[in-house]
Amino acid sequence: MLQRTLMAVSIALACGVTVDRAAAATAYVSNEKSNTITVVDLDKMEPVATVAVGERPRGITLSHDKKLLYICTSDDDHIEVLDLETLQVVRTLPSGPDPELFVLSRDGGTLYIANEDNNFVTVLDLAQGVVSTEIPVGVEPEGMAISPDNKILINTSETTNMAHFINTETLEIFDNVLVDQRPRYAEFTPDGKQVWVSSEIGGTVSVIDVTTRKILKKIGFEIQGIRADTIQPVGVRITPDGKTAFVALGPANRVAVVDVDSAEVQDYLLVGQRVWQLDFTPDAKFLVSTNGNSNDISVIDVAERKVVKSIPVGELPWGVAIR
Amino acid sequence: MLILAPDGSEVVAAEGDALHVPIVYLGESIPEPPPLSLVEPIAPDKGIAGAKLAIGDNNTTGQFLKQNFELIEKVVPAGGDLKGTAAELSGAGQKLIVADLTAPRLTEFADLPEMKDAVILNIRAEDDPLRATDCRANVFHVIPSRAMKADALGQFLISKKWMRWVLIYGVNDADKAFADAIRRSAKRYRAEIVEERGYEFKAGSRRTDTGEQQVREQMTQLTQRLPDYDVLIVADESEVFGEYLPYRTWDPRPVVGTSGLVPTAWHRSQEQWGGTQLQRRFTRAFNRWMLERDYAAWEAVRTIGEAVTRTSSGDASTLRNYIVSDSFELAAFKGKPLTYRKWDQQLRQPILLATPLMLVSVSPQEGFLHERTPLDSLGHDEPDSACRLNQ
C-alpha cells in the first residue's frame, strides 16, 4: 500500500515537473517515409497535428523568428517553407538535387544546403528565392554547421570523409580535415572554438580545433552488450552553456552524454530504435531524439539525464526542430 | 598557394606536384552469355563502369589533397598474353591492378615475377580455393566468395526454419562450384539436402516467338517426384535455366540460389545506408543500374583511394600494408565499415538477399555470432582456411 502510494506520488511529481518545465514548447518532426511533419505539443507530450509535405522530408530548421519551418524534401529536389501559424506550405525554394541537411546563416538571410547527390553545397538567397552560388565539395555532402560569428561554414562529405572549412565571405574552401568514415553531422561549440563531427561508420566523433584545424580528440563509444559496429554516431547537440554534448548513436539505440571539456563520455541514455537527430527545447531543459525504426521520439530531461517520455510520430522520423 | 581564412590568416595549400596514382583495370575479352531475361540489361561495360565511378569519387576527394587518380583500362584478348601485359605494366610502374579475370587467369597473372609486389584486387573470381587453400599475398578478394554467398543464403533459410533443401545444378564448373558451396553451408547449419539433381539445358536464343509452354513443362518435369522439401536451391551461375524455375516447379516451393532469392554483394533495390546516392550516381553516369561486378570494381578502386588518402602514398607496398592494417576501413553503403580478413585478404562484407525487384534481407542474420565480427560467420573463417597471410 505504502509502495503504491509512493509510486503514485512519484508519477504525479514526474508529470508535474514535466508539464511545468516544457511549457509551451512545440516540436516539429519530419517523417521520411510518411512524407509528413508531425507537430508535437511538448507541454501535453502528444502529437497535435500532422502536415502533409513533399517527398522524403529529412533535414528541417526554423527561421530565426520561429515563424517558418524550412524542410528539405529530398526526393522533390527542393525546399518547402511551412508557415507555423497556418501549417500551410507557403513557399517552395530551389535547392539543387537531393537536399538532405542545411544550415541557416546567423542573419537568417541565407540557407546553405548540402546536395547529397552532386557534390555541391548550394547557397540559397532566401529573400530572392534564388540560388546565388554552388560550392564544390567532396563526395556526398551531408553535415552543415555555421560558426557563431557566421564566418565559417562547415560541410562534411560522407564518401570523401572530410570536414570542409568554407569561408562565408569568399564562399571558398580554405581547409579540409580528414575524419573517420562517413561523417554525418557537424556542430560548433557555443564559443565557436571547436567543431564536433560525427562519423557514422567510423563510430567516432572528431573534436576539431577551429583555429588550427587539428583534431584534438576522437571520441569513441563503448556500450556493454552492444556490438561496436552498431554504434553509429549521427546527430550531435551541445548545450548552450557549452558544457555537455549529446550524440545520437543510430542503431545502438542510445544517446551518449559527453562532457565537453574533457571530451569524456559520461552516460548512455536508452531511447527508441535507430536514433538520428536531436534538438533542445528553447530553454534547453529537454532534448528530443528522432528514432527512425521505432516511429517515435524520445524526450530527455537534460539535467536529470533521463528519458522521460516516448511519443509516437509518423513513419521513419528523421529531423527535429523545436520552438 | 595561400588561401584566405575568415580570421584573416592565410592557409598554405598543399605544395609541390600532385601525387599521381595510376590504377589499371585488367580484363580479358571472354564472351559472357546475355542474361536470360529480356528485362535485364546487357552490360558490356560491367565492372569497368563501377571502376570509372570510383575514380571520379577518388578524384573529388583527391582535389583537396593534391592527389590525382587515373584509370587505365587494359583488355587482353581471350587467352591473350598476360606475361607481356605484366611486363608492360611493371615497366611503367603500374602496380595497382583491379583484376576482372577468371580464377586460373588471375593466379597465372599474380604468380608472374613482374607482379610480385603488386596490389591485385580480384573483382570477379568467386572461387573458394583462392581463399581456402591457394592464397597469394599480392591478391585481395573484393568479390565475395561462393562460400560467403551460400552461407548468407543458408543463414536466411535457417532463420526461416526451411531446413529441407533440394539442390538443382547446371553442368558448368561454376554451377558445380556453387553447388559445393551450398553443400558446405548445409553441413555447417545442419540443413538437409533431401535430393540433388544435375540438369543440362540448351539455352538457345534469348528472344523467341513462342516457347513459354515448353519451358514450363520442362521445369515441371525437372522437379517432379521429389521427396518432401521446403525450398529449391538452384546453382546455375551461367544462367541458362535457373530463371525458368520459379512458379514452374511441380510442388509449390520457393526458388533460391542463383535465381529467385539471390545472395549478392549488390542489388539495384539496395537503398539503405545511403545506397541511394551510389545508385543514382551510377545510373546517371551509365544509363543502367549498378550490377554486382560494378560494385566490386567500385569497392576495389575505393579501397586504393582510401589507402592513398590516409597514407599520402601511391606506393604499392605502402598501400598494401595499410590495407591489411587495423586502421583500414571502407564505407561502402552496407551500414558497417568493411575490412579485409588478414589470413586470406577477403573483403568482409554483409551479403544482400534480393528478389529481382526487392531487397529481402541482409546476412549475417541475427543470432549468427562470431568472436571477431558476425561478418566472419560468412565464408571460410580462419580455422577453415589453410591460408595464413600477414602473420
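Sorting check: for A:307-320, B:299-312, which peptide has the highest mean count of neighbouring beta carbons within 10 Å, and how do the rest follow? Could you put the intermediate results ahead of the total?
Numbers: A:307-320: 20.8, B:299-312: 23.4.
By packing density, highest mean first, the sequence is B:299-312, A:307-320.
About the Cα centre, and with charges only on the beta carbon of Lys, Arg (+1) and Asp, Glu (-1), how big is the dipole of the protein assembly as shown? Nearest 20 debye, please.
Values: 74 positive and 100 negative charges, 296 e Å.
For the protein assembly as shown, the charge dipole is close to 1420 debye.
Give the average over all directions of the projected area of the C-alpha convex hull of segment B:1-58, one decimal, in nm².
Working: hull surface 30.1 nm².
Directional mean of the projected Cα hull area for segment B:1-58 stands at 7.5 nm².
Taking only the C-alpha atoms, wrap a convex hull around segment B:147-264 and report its volume per residue in Å³ as a whole number.
93 Å³
Evaluate the Debye formula for segment A:193-316 with equal point scatterers sitting on the alpha carbons, no solvent, and hand back log10 of I(q)/I(0) at q = 0.10, 0.17 Å⁻¹, in q order, two decimals.
Log10 of I(q)/I(0), two decimals: -0.28, -0.80.
At a 1.4 Å probe radius, which order do B:SER313, A:SER206 fall into by accessible area, largest first?
B:SER313, A:SER206
Is there a quick way to get the dipole size of chain A? I mean about its Cα centre, with the Cβ of Lys and Arg at +1 and of Asp and Glu at -1; what is the value in debye to the nearest 20? All intermediate terms of the calculation are to be shown ahead of the outcome.
Working: 28 positive and 45 negative charges, 207 e Å.
Dipole size: approximately 1000 debye.
What pairs in B:LYS116/B:LYS342; B:LYS95/B:LYS149; A:LYS193/A:LYS243; A:LYS193/A:LYS218; A:LYS193/A:LYS217 have C-alpha atoms more than 22 Å from each other?
Numbers: B:LYS116/B:LYS342 18 Å; B:LYS95/B:LYS149 30 Å; A:LYS193/A:LYS243 13 Å; A:LYS193/A:LYS218 16 Å; A:LYS193/A:LYS217 14 Å.
Among B:LYS116/B:LYS342; B:LYS95/B:LYS149; A:LYS193/A:LYS243; A:LYS193/A:LYS218; A:LYS193/A:LYS217, the Cα-Cα distance tops 22 Å for B:LYS95/B:LYS149.
If you average the alpha carbon positions of segment A:208-234 and of segment A:258-285, how far apart do those two centres end up, in angstrom?
Rounded to whole Å, the Cα centres lie 13 Å apart.
Please compute the Kirkwood hydrodynamic radius over chain A, one decimal place, Å, based on all pairs of different Cα atoms. Could the numbers behind the result be given before it?
Values: mean 1/r = 0.0509 Å⁻¹.
That comes to 19.6 Å for chain A.
Using a simple charge model, +1 on the beta-carbon of Lys and Arg, -1 on the beta-carbon of Asp and Glu, nothing else, what dipole does segment B:147-264 show about its Cα centre, in debye to the nearest 20? Walk me through the numbers on the way to the answer.
Details: 18 positive and 18 negative charges, 82 e Å.
In debye, rounded to 20, segment B:147-264 gives about 400.
Test of the criteria: in segment B:310-391, which chymotrypsin sites (Phe, Trp or Tyr not before Pro) are in a DSSP loop and have at most 10 other Cβ atoms within 10 angstrom of their Cβ? Don't skip to the end; give the middle numbers.
On the way: sites: B:TYR322, B:PHE328, B:PHE333, B:TYR340, B:TRP343, B:PHE368; in loops: B:PHE328, B:PHE333, B:TRP343, B:PHE368.
For chymotrypsin sites (Phe, Trp or Tyr not before Pro) across segment B:310-391 that sit outside H, G, I, E and B with at most 10 neighbouring Cβ atoms in 10 Å, the list is empty.
What is the mean projected area of the alpha carbon convex hull for the protein assembly as shown, to one decimal in square nanometres? Walk me through the intermediate numbers first.
Details: hull surface 141.6 nm².
The orientation-averaged projected area of the Cα hull of the protein assembly as shown comes to 35.4 nm².
I'd like the mean, over residues of B:328-340, of how many other protein chain beta carbons sit within 10 Å of each residue's own Cβ. Don't skip to the end; give the middle numbers.
Details: counts 0, 8, 2, 12, 4, 5, 1, 8, 8, 11, 2, 0, 0.
Mean inter-chain Cβ contacts per residue within 10 Å come to 5.
Could you tell me what percent of the DSSP beta bridges with both partners in the protein assembly as shown are antiparallel, to the nearest 5? Walk me through the intermediate numbers first.
On the way: 126 of 164 bridges.
So the antiparallel bridges in the protein assembly as shown amount to around 75 percent.
Using only the alpha carbons of chain B, determine the length spanned along each of the three principal axes and report them from longest to shortest in whole angstroms.
The Cα atoms of chain B stretch 79, 48, 46 Å along their principal axes.
Any chance you could check the Cα centroid distance between segment A:136-151 and segment B:361-381 for me, in angstrom?
Taking the Cα centre of segment B:361-381 as reference, the centre of segment A:136-151 is 37 Å away.
Return the lysines within reach of B:LYS202: Cα separation strictly under 18 angstrom, same-chain partners fewer than 8 residues apart disregarded; answer none if there are no such residues.
B:LYS176
Per-residue Cβ counts within 10 Å, from other chains only, averaged over A:155-167: what number is that? Walk me through the numbers on the way to the answer.
Details: counts 0, 0, 3, 4, 15, 10, 6, 4, 0, 1, 4, 1, 6.
If you average over the peptide's residues, the count of other-chain Cβ atoms is 4.
Ignoring ligands, DNA and RNA, what accessible area per residue does chain B give at 1.4 Å, in Å²? Don't jump to the answer; show the numbers that get you there.
Details: 16330 Å² over 391 residues.
Per-residue value: 42 Å².
Please calculate the 1.4 Å probe accessible area of A:TYR70, with all protein chains present, and give it to the nearest 10 Å².
Near enough 20 Å² of accessible area.
Please list, ordered by chain and number, the residues whose modelled amide H lies under 5 Å from the amide H of B:ILE72; skip anything fewer than 5 residues away on the same chain.
Those qualifying (amide H under 5 Å, at least 5 residues apart or on another chain) are B:ILE23, B:VAL24, B:TYR25.
Which whole-angstrom value gives the distance between the alpha carbon centres of segment A:80-122 and segment B:222-274?
Result: 45 Å between the Cα centres.
Give a quick list of trypsin sites (Lys or Arg not before Pro) in segment B:45-99 that DSSP marks as loop, anything other than H, G, I, E or B, with at most 16 other Cβ atoms within 10 Å. Show your work: numbers first, answer last.
Working: sites: B:LYS46, B:LYS52, B:LYS66, B:LYS74, B:LYS83, B:LYS95; in loops: B:LYS46, B:LYS66, B:LYS95.
When the trypsin sites (Lys or Arg not before Pro) of segment B:45-99 are filtered for loop state and at most 16 Cβ neighbours within 10 Å, B:LYS66 remain.
Over chain B, what is the relative contact order in percent, taking alpha-carbon pairs closer than 8 angstrom and at least six residues apart? Can you show the working numbers first?
Details: 723 pairs, mean separation 77.7, N = 391.
Relative contact order here is 20 percent.
Please state the relative contact order of segment B:147-264 as a whole percent: Cα pairs under 8 Å, 6+ residues apart?
On the way: 186 pairs, mean separation 37.4, N = 118.
Computed value for segment B:147-264: 32 percent relative contact order.
What does the accessible area of B:ASP384 come to, in Å² to the nearest 10, when a probe of 1.4 Å is used?
My reading of the accessible area for B:ASP384 is about 70 Å².
The values are calculated or read from the model by the stated rules, or taken from the named source; none is laboratory data. Note that the structure is a prediction, hence the values are computed from the model and not measured. Neighbour counts run over all protein chains shown; Cβ positions are idealised from the backbone, glycine included. The area values use the complete protein model at the heavy-atom level, side chains included, leaving out ligands, DNA and RNA. Shrake-Rupley method; radii C 1.70, N 1.55, O 1.52, S 1.80 Å.
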